[in-house]
């Protein structure tokens with residue numbers, strides 16, 4: 001990689017989350033501290049040699065409160081500062097980080113610079129914090145260039161020594177430092193003594209175009225998680241939500257669901273009304289193959305759309321994004337059958353970089 005530390009400028013965006021917390025000595029509760037004091041808590045940043053600026057949400061938000069409004073705010077910050085910086089690091093609570101990373105991947109069209117999300121399981125002021133390594137390495141990755149071009153020009157999550165494509169990632173552990181996994185797509189880099197990039201897996205735009213930021217999202221999306229014994233009332237209550245436009249349906253195994261008449265008829269009626277139902281698997285890894293079993297084939301017959309190997313987080317963000325742009329149900333279905341930014345692997349198309 002180029003030795004360009006002095007030239008690299010990074011914008012650090014602190015949205016909230018555990019990484020920026022300190023413990024209140026009176027109550028013992030975690031509270032956000034002023035992130036302008038970051039250098040005092042992570043003096044190692046000065047030794048990196050990069051030019052690091054920071055912006056902070058006011059007030060900082062717990063990740064449970066992050067959503068479309070916050071995604072738009074982050075997108076606006078990046079778009080407004082896009083020409084000033086070589087890369088962006090977003091400090092974010094872990095609980096909904098995968099949703100934010102997925103949304104940003106769609107909202108930042110033609111992205112050609114690194115946008116790296118990271119955080120921590122322990123506050124950065126604690127002795128055993130994982131926040132320092134996550135933050136320092138995320139900044140190094142955001143600054144990395146080769147032949148004058150960014151090494152990782154996409155939205156990613158860096159956590160516990162691994163760099164993942166953001167829209168392929170899920171939080172899988174509430175307690176351990178290795179909180180994230182990308183089960184259906186290889187990691188983009190591993191950080192040890194050196195940061196080793198798997199350049200073949202990194203998404204690179206076919207042509208360099210100006211960044212096009214999007215701010216239109218439709219929240220009329222729901223998740224329907226199937227379970228044995230699910231009742232008609234439960235399914236109907238979700239499929240008939242007023243103004244609902246899209247449903248991410250978490251099915252069993254490779255995309256299977258109950259084959260009983262009432263269930264299939266409810267799905268058929270909902271699709272007939274224009275509802276887009278996307279089939280994703282409840283399994284951590286694997287792909288939806290509705291042609292494989294008869295139960296899955298029935299879903300296909302009534303118009304349910306395959307989510308392929310998409311995460312639930314990515315499917316939700318993608319539906320919000322597509323419906324936000326006033327696309328018709330048929331147009332949304334067509335786009336769900338495409339890989340817009342490497343979020344799914346389509347049959348016969350390899351890794352869909």
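Does residue 204 qualify as being under 21 Å from residue 95 (Cβ atoms) and either assigned by TED's automatic domain parsing to the domain that holds residue 251 or not in a helix (DSSP H, G or I) (or both)? No: the conditions fail for residue 204. Screening 230, 223, 238 for residues that are in a helix (DSSP H, G or I) and either in the same structural domain as residue 314 (by TED's automatic domain parsing) or more than 16 Å from residue 298 (Cα to Cα) (or both) leaves exactly one candidate, 238. As a summary of the residue check, residue 223 satisfies the conditions (1) under 17 Å from the mean Cα position of the chain (by Cα); (2) surrounded by 20 or more Cβ atoms within 10 Å (Cβ to Cβ) except for the one numbered (2).
Output the residue which, of all residues in the range 284-307 that are part of a loop (DSSP other than H, G, I, E, B) and in contact with a helix residue (DSSP H, G or I) (Cβ under 9 Å, 6 or more places away or on another chain), is surrounded by the fewest Cβ atoms within 10 Å (Cβ to Cβ). Across the range 284-307, the extreme among qualifying residues is 291. A residue that is surrounded by 13 or more Cβ atoms within 10 Å (Cβ to Cβ) and under 30 Å from residue 273 (Cβ atoms) can be found somewhere in the range 158-170. Taking the range 51-142 and the strands (runs of 3 or more DSSP E) fully enclosed by it, the elements with 3 or more residues that are in the same structural domain as residue 153 (by TED's automatic domain parsing) and surrounded by fewer than 23 Cβ atoms within 10 Å (Cβ to Cβ) are at 51-56. Applying the criterion of being assigned to a loop (DSSP other than H, G, I, E, B) and touching a strand residue (DSSP E or B) at 6+ places or on another chain (Cβ under 8 Å) to the residues of the range 241-273, the residue that is surrounded by the most Cβ atoms within 10 Å (Cβ to Cβ) is 255.
The values are calculated or read from the model by the stated rules, or taken from the named source; none is laboratory data. Nothing here was measured: the structure is a model prediction, and the numbers come from that model. Don't worry about glycine lacking a Cβ; one is built from the backbone with ideal geometry, like all the others, and counts go over all protein chains shown.
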